[in-house]
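> Quick one: structure below, then a few questions.
The values are calculated or read from the model by the stated rules, or taken from the named source; none is laboratory data. Computed from a prediction, not measured in an experiment: that's the story for all the values here. Neighbour counts run over all protein chains shown; Cβ positions are idealised from the backbone, glycine included. We work out accessible area using only protein heavy atoms, side chains counted, and drop any ligands, DNA or RNA first. Shrake-Rupley method; radii C 1.70, N 1.55, O 1.52, S 1.80 Å.
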Amino acid sequence: MNSKEIRETFLSYFESCGYKRQDSASLVPAGDQTLLFTNAGMVPFKEYFLGEAKPLSLKMTTSQKCVRAGGKHNDLDQVGLTARHHTFFEMLGNFVFKGANKSKAIKEAWTLITEHYNIPKERLYVTVFHEDTESRGIWENEIGVPHDRVISCGKEDNFWSMGDTGPCGPCTEIFYDHGEGISGGLPGSEDAEGDRFTEIWNLVFMQYQMHADGTRTELESMGLDTGMGLERLSAVMQSVHNNFDSDLFTPITQSLQTQTSGVDLSASRVIADHIRTSVFLITDQVYPSNEGRGYVLRRIIRRAMAFAYRCGVSEPFFHKLTATVCEVMGDAFPAIREQEQVITQVIRDEEHRFHATIEHGLRILQKNIDGKIDIDGKTAFKMYDTYGFPLDIAQDIAKTYGIGLDEAEFHQHMEAQKERSRASQTFKTSDEGVKYDSMTDFIGHTEDIATAVIQFIEVDNENFTSIQNDMKGSIVVDTTPFYPEGGGQVGDVGEIRSESGVFMVTDTQKSGKTILHVGKVTSGSFNVNDSVTLVVDIKRRDTMNNHSATHLVHSALRSVLGKHVVQKGSLVNHERLRFDFTHNHPMTEQQMYDVETMVNDQIRRNNPQVCEWVSLADARKMDIMALFDEKYEDPVRIVRFGDFSAELCGGTHVNATGDIGFFKLLSETGIASGVRRIEAVTGSAATQWVQAQTQALAQVAKQLKCDKEAIANKITQLQSDNKRLGKLQEANQKQFYQQQVKSWLSEADTVGETPLVIQSLENISPKLLRVIHDLIKSSLPSGVIVLILNDQDHSTLLVGTVNTTYKANVLLDKINQQYQGKGGGSPSMAQGIIPKQLSTSEIHQLISSS
């Protein structure tokens, strides 16, 4: 049975058992700041197990993409050393969020393994938590597993908890015996780490609640969390004991061998693992960078290339394996095929950076190589941390050239960095608490004025019953048209009015489901339970123009650049819009023009805004734009503009695209590896921008004394004239200095018997300085030349020598030491900059004393 059939058999079987099939979630955990990556099948369902959200079904089954290459769960350094460790893997799982039954769960698992996968029963062992007599009884009495094949284990192996507190419970695991030819002992034995007995399935019964004091109480209803690694199961089903010999990996290692030569077995397995991880992370919008998830991806890509480099592969090859991964995994995960071109380009670019890093590192180590000096750990760590230079390659270089490397000091610096990283960890371990219990009814999608009743007043983080004139604070009401900051859109501003006062709203924020109107009382006073009128400032209309334009921009970018484009952030206010998106190269002028044209075309079509509310599960099945690694409330709001744009969005928008008026794209820049940024204006701001540009062009045309349409030709003509005049000036200057050089040579001084030509010059170009040097040198049989080009606060020096024992670079070094300058060169010519004006007498004296 191949891996595709194994995966489908699992999912179909549990569908027949009443479980709802779910697609794999992103490798970037949605709304979960406690994890770097999705590292287990239950991660997308965490909130259901915790009771924080209600699932659409109490029973679900998935084949979940997982990565364990950073944070608490990190298998990166084990890949290639064992038969079963991977940075990327698929976790087959079935989950029950309420009302799970141990007997039913165990029978379902056993039936699938022995009757659908036809794995021989005599090859299977099971483990149970030593206190879980119920599970042992089910295995022995209901399933019929012999007593000696049911192994009791301790808490470390067979008890699972979500954290220090929360749902937890005993596990029962199913192991496969690969046979006596493979080393390793039974689970729980001293040699259990061998590869003979492989855990293929883990069933976790979440039946307790763990408390902070270490005690646990029985939950009202038990949950079930299971996980079976597709890679391990494929090895079992295909009669190989090493996961890398299954059909999930062999096409990749075979492709690798056709593209390279000399890559050993261990390295090929590491590379095959790492290309899968790289492809899937990039698909889920993780790009190589120097921090967070991007840093982990960069390390994975470079680790793969380092293994190949050590095997003698010095040319980029890694990106070529993307196609094979897409062939193997594309049916189950179509997104990798859709983004194949972008994935390949991202990896190719990173490969080129890696090879540049290797060359840079070799230059850094050149003095160690030339001087036979050992590489200290600080240098090795800096090369690794700052430049991404792998330690093992530095070790190979040291070994090749017969020098040492202080590995112990390297690891000291590495551990210190890890401590610093842990201290400044950006992935939170808990969510901030909600400040208020009340829920504000938001009506701002259709209204910008409303009447309401004050529920809370907050001043300096404390609840107040009233707020007086000139006091700053926040007001919470039961109903509001004010949009709270979110989704890139700034919070609304405006006024809250009552019979007794005016409160100026300068910002609107959200805390849980409560909307806070932040600002200051400009007259009168306000009290809890007061009736008030809320009026949103007219600026919101410009904000809505810009927000709706971002939706059109997003669709236009995907149409012009490709379906890989995904929003990575935005800022929308009444002045302009900013839109960040995934793309690995700068946009061309034509692409920017096409996007702008496409957006303005949609504006002219005046497509009405159409909104609908659907379940999050249904939204995932639709062809709409969404950031599914973001946390959305269920149901979700879909905003459509014709057939062109459909996005999940909670913000405020124009009634129809024509309200936007006009869109002008101002700039496109890169802000991170694989992430670009567009800035633009709409409506009156766009009109004002165009008018300002038109006025500027008119002024330029006036100065050039031509029509605006002729400006480009006029500039081309002026550039040509300027270039011609420049060449004429250079020829005249050269002719002038040819005469000057004759005079200088006739007046040349000496140092001992060596002629010395020192001249101070002003108002000439560095290029002409070089020409003058060459003129002197061509007429000087032997001697020293020093040319000083003085500027306001520094001097440029050019030192040359002809047929003399003096060396230009040595003389310049002496001048630099005397006057804190910098620069260098060769024995025949050197150039530097001195942070002051120099005289010829100062240079003469310094050289004379040499």
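> Could you list, in their original order, any pairs among Lys20/Lys107; Lys418/Lys822; Lys20/Lys510 whose Cα atoms are separated by more than 27 Å? If you can, show how the numbers build up before the last one.
On the way: Lys20/Lys107 19 Å; Lys418/Lys822 37 Å; Lys20/Lys510 34 Å.
Table pairs above 27 Å Cα-Cα are Lys418/Lys822; Lys20/Lys510.
> Separate question: Report the net charge of residues surrounding Ser531, where surrounding means a beta-carbon distance below 11 angstrom and charges are Lys +1, Arg +1, Asp -1, Glu -1.
Values: positive: Arg497; negative: Asp478, Glu499, Asp530.
Its environment carries a net charge of -2.
> Another question, if that's okay. Greater than 26 Å separation of Cα atoms is the criterion. Which listed pairs, Lys54/Lys513; Lys320/Lys399; Lys320/Lys378, meet it? If you can, show how the numbers build up before the last one.
Values: Lys54/Lys513 17 Å; Lys320/Lys399 31 Å; Lys320/Lys378 35 Å.
With Cα atoms farther than 26 Å apart: Lys320/Lys399; Lys320/Lys378.
> What is the local net charge at Met228, summed over the other residues whose Cβ is closer than 13 Å to its Cβ (Lys, Arg +1; Asp, Glu -1)?
Numbers: positive: Arg7, Arg84, Arg232; negative: Glu90, Glu108, Glu173, Glu199, Asp225, Glu231.
Here the count lands on -3.
> Given the convex hull over the Cα atoms of the range 646-687, what projected area results after averaging over all orientations, in nm²? It would help to have the intermediate numbers written out before the result.
On the way: hull surface 17.4 nm².
The Cα convex hull of the range 646-687, projected and averaged over all directions, gives 4.3 nm².
> Turning to a different aspect of this structure: Please report the antiparallel percentage of the DSSP beta bridges confined to the range 91-195, to the nearest 5. Walk me through the numbers on the way to the answer.
Details: 8 of 12 bridges.
The answer is about 65 percent antiparallel.
> Express in whole angstrom the spacing between the alpha-carbon centres of the range 109-162 and the range 293-358.
40 Å
> Also, I was wondering about something else. Rounded, prolate or oblate: which fits the range 116-195, taking a ≥ b ≥ c as square roots of the Cα gyration tensor eigenvalues, rounded meaning a/c under 1.5, else prolate when a/b beats b/c? Intermediate results must be reported in sequence, preceding the final value.
Details: a/c = 1.99, a/b = 1.33, b/c = 1.49.
Since a/c reaches 1.5 but b/c is at least a/b, the shape of the range 116-195 is classed as oblate.
> Further, regarding this structure: For the chain, take the alpha-carbon Rg, divide it by the Kirkwood Rh, and send me Rg/Rh. The partial results should precede the final answer.
On the way: Rg = 35.6 Å, Rh = 33.2 Å.
Taking Rg over the Kirkwood Rh, I get 1.07.
> I would also like to ask the following. Write down Rg/Rh for the range 310-383, rounded to two decimals, with Rg from the C-alpha atoms and Rh from the Kirkwood relation over Cα pairs. Could you put the intermediate results ahead of the total?
Numbers: Rg = 18.1 Å, Rh = 15.0 Å.
Ratio value, two decimals: 1.20.
> So, one more: Compute the distribution of all C-alpha to C-alpha distances in the range 232-370, in bins of 5 Å from 0, and list the percent of pairs in each, rounded to whole numbers.
Calculated over all Cα pairs of the range 232-370, the distribution is 2, 10, 19, 20, 20, 14, 8, 3, 2, 1, 0, 0 percent.
> Now for a separate question. So for the range 61-174, considering every pair of alpha-carbon atoms, how many percent are separated by more than 19 Å?
Working: 3799 of 6441 pairs.
The share of Cα pairs beyond 19 Å in the range 61-174 comes to 59 percent.
> Right, another one. If the convex hull of the alpha-carbon atoms of the range 164-210 is projected onto planes in all directions, what is the mean projected area in square nanometres?
3.9 nm²
> Using mean Cβ contacts within 10 Å as the protection proxy, how do 196-202, 709-715 order, highest first? It would help to have the intermediate numbers written out before the result.
On the way: 196-202: 21.7, 709-715: 12.7.
Output ranking for 196-202, 709-715: 196-202, 709-715.
> Roughly how much of Arg216 is accessible, in Å² to the nearest 10, using a 1.4 Å probe?
In the full protein context, Arg216 sits at about 80 Å².
> Follow-up. Shape call for the range 721-825 from the C-alpha gyration tensor, a ≥ b ≥ c root eigenvalues: rounded (a/c under 1.5), prolate (a/b greater than b/c) or oblate?
Numbers: a/c = 2.24, a/b = 1.32, b/c = 1.69.
Note, shape of the range 721-825 comes out oblate.
> Given the protein chains as shown and a 1.4 Å probe, how many square angstrom of Asp247 are accessible, to the nearest 10?
40 Å²
> In the range 466-562, if every C-alpha pair distance is counted and binned at 10 Å from zero, what percent goes to each bin?
Pair shares across the bins are 15, 41, 24, 12, 6, 2.
> Here's a follow-up. Specify whether the C-alpha gyration tensor of the range 495-634 places it in the rounded, prolate or oblate class, a ≥ b ≥ c being the square roots of the eigenvalues: rounded for a/c under 1.5, otherwise prolate if a/b is larger than b/c and oblate if not.
Numbers: a/c = 2.59, a/b = 1.91, b/c = 1.36.
It comes out prolate by the Cα gyration axes.
> Roughly what percent of Cα-Cα pairs across the range 333-426 reach past 22 Å?
Details: 1934 of 4371 pairs.
Looking at the range 333-426, the distances longer than 22 Å represent 44 percent of pairs.
> Rg (Å, one decimal) plus Dmax (Å, integer) for the alpha carbons of the range 653-731?
19.7, 67
> Quick one: which of 819-830, 473-484 comes out on top by average Cβ neighbours within 10 Å, and what's the full order, highest first?
Values: 819-830: 15.4, 473-484: 23.0.
The packing order, highest mean first, is 473-484, 819-830.
> Using modelled amide H (1.01 Å from N, peptide plane; none on Pro or chain starts), what sits under 5 Å from the amide H of Thr440, excluding residues fewer than 5 places away?
When sequence neighbours closer than 5 places are left aside, the close amide H contacts are Thr514, Ile515.
> Per-residue counts of other Cβ atoms within 10 Å, averaged by peptide: what ranking do you get for 295-308, 716-729, highest first? Numbers along the way, then the final one.
On the way: 295-308: 23.3, 716-729: 10.5.
Taking the mean over residues of other Cβ atoms within 10 Å, the ranking is 295-308, 716-729.
> Would you list the membrane-span-like helices of the chain, meaning whole DSSP H runs whose alpha-carbon atoms span at least 30 Å along their axis and whose mean Kyte-Doolittle value is at least -0.5?
683-704
> Considering only the chain, what is the antiparallel percent among its DSSP beta bridges, to the nearest 5?
On the way: 130 of 147 bridges.
Beta bridges within the chain, antiparallel portion: roughly 90 percent.
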